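Just so it is clear, none of the values below were taken in a lab; they were calculated from the coordinates. Model, not experiment: these values are computed from the prediction. Here the Cβ is made from the backbone with ideal geometry for all residues, glycine too, and neighbour counts use every protein chain on show.
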Amino acid sequence: MATLNDFLDSMQKGSVPARIPAPLEALWHEGCGDWKRAHETVQGDSTIEAARVHAYLHRKEGDLANAGYWYRRAGRQIATASLEDEWHEIVNALIVSRGKG
C-alpha cells in the first residue's frame, strides 16, 4: 500500500492491508464504520501517531474533553477541519511517513 487510493481500495475490498501500523489500521477500521474496533486497535499504542488517531476517534465520538487530552499527547492543536478532512489528512500523513521508513 503506497497511496491513499490503495488504502481506499483496500477498504472497498474489505481486506486490511498487511503489515500496517496500528494507527493506520485503526483508521482503516473507522473508515469502514467500526469505531469500536478502531479504538481497540489504537488504544494500546503509545506512539505520537497513535495519540493523534486516538484524538480523532474521540472527537468523532463527540467526547471533546478526552479528544483534547489526546491532541495534547500528540503535540497538536484540537482539529477544526471536518472529520472527513481530518481522517484523510491523518491517513495521508501516516502513508507518507511509512514510505520514508
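Sum -39500 (n - 2.57) across every DSSP H segment of at least 4 residues in the chain, then divide by the residue count to get the 222 nm mean residue ellipticity, nearest 500.
Values: 6 runs with 71 residues, N = 101.
When only DSSP H runs of four or more count, the value is -21500 deg cm²/dmol.
Quick check: convex hull of the Cα atoms in the chain, volume per residue, rounded to a whole Å³? If you can, show how the numbers build up before the last one.
Details: hull volume 9.5 nm³, N = 101.
In the chain, the Cα hull volume divided by residue count equals 94 Å³.
Based on the mean of other beta carbon atoms within 10 Å per residue, what is the order of 83-91, 27-35, most packed first?
Working: 83-91: 15.4, 27-35: 17.8.
Listed from highest to lowest mean packing, they are 27-35, 83-91.
Once R0 is set to 22 Å, what does the formula 1/(1 + (r/R0)^6) return for the Cβ-Cβ distance between residue 13 and residue 82, expressed as a FRET efficiency to the nearest 0.05?
Working: r = 26 Å, r/R0 = 1.16.
It comes out at approximately 0.30.
Specify the angular offset, from 0 to 90 degrees and rounded to the nearest 10, of the alpha carbon long axis of helix 64-73 from the longest principal axis of the alpha carbons in the chain.
The helix 64-73 is inclined about 70 degrees to the chain.
Could you pull out the trypsin sites (Lys or Arg not before Pro) across segment 1-84 that fall in loop regions by DSSP (anything but H, G, I, E, B) with no more than 10 other Cβ atoms inside 10 Å? All intermediate terms of the calculation are to be shown ahead of the outcome.
On the way: sites: 13, 19, 36, 37, 52, 59, 60, 72, 73, 76; in loops: 19, 76.
Taking segment 1-84 and a limit of 10 other Cβ atoms within 10 Å, the loop trypsin sites (Lys or Arg not before Pro) found are 19.
How many angstrom lie between the C-alpha centres of segment 1-49 and segment 52-89?
Distance between centres, Cα-based: 16 Å.
Which residue fluctuates the most in the chain, going by a Gaussian network model with Cα springs under 10 Å, if the choices are 38, 18, 51?
18
Convert each backbone phi in segment 13-28 into a coupling constant with the Karplus relation 6.51 cos²θ - 1.76 cosθ + 1.60 (shift: θ = phi - 60°), then list the ³J(HN,Hα) values in order as whole Hz, x for Gly and Pro.
Per residue, the Karplus-derived 3J(HN,Hα) values read 7, x, 10, 4, x, 5, 6, 9, x, 3, x, 6, 4, 4, 5, 4 Hz.
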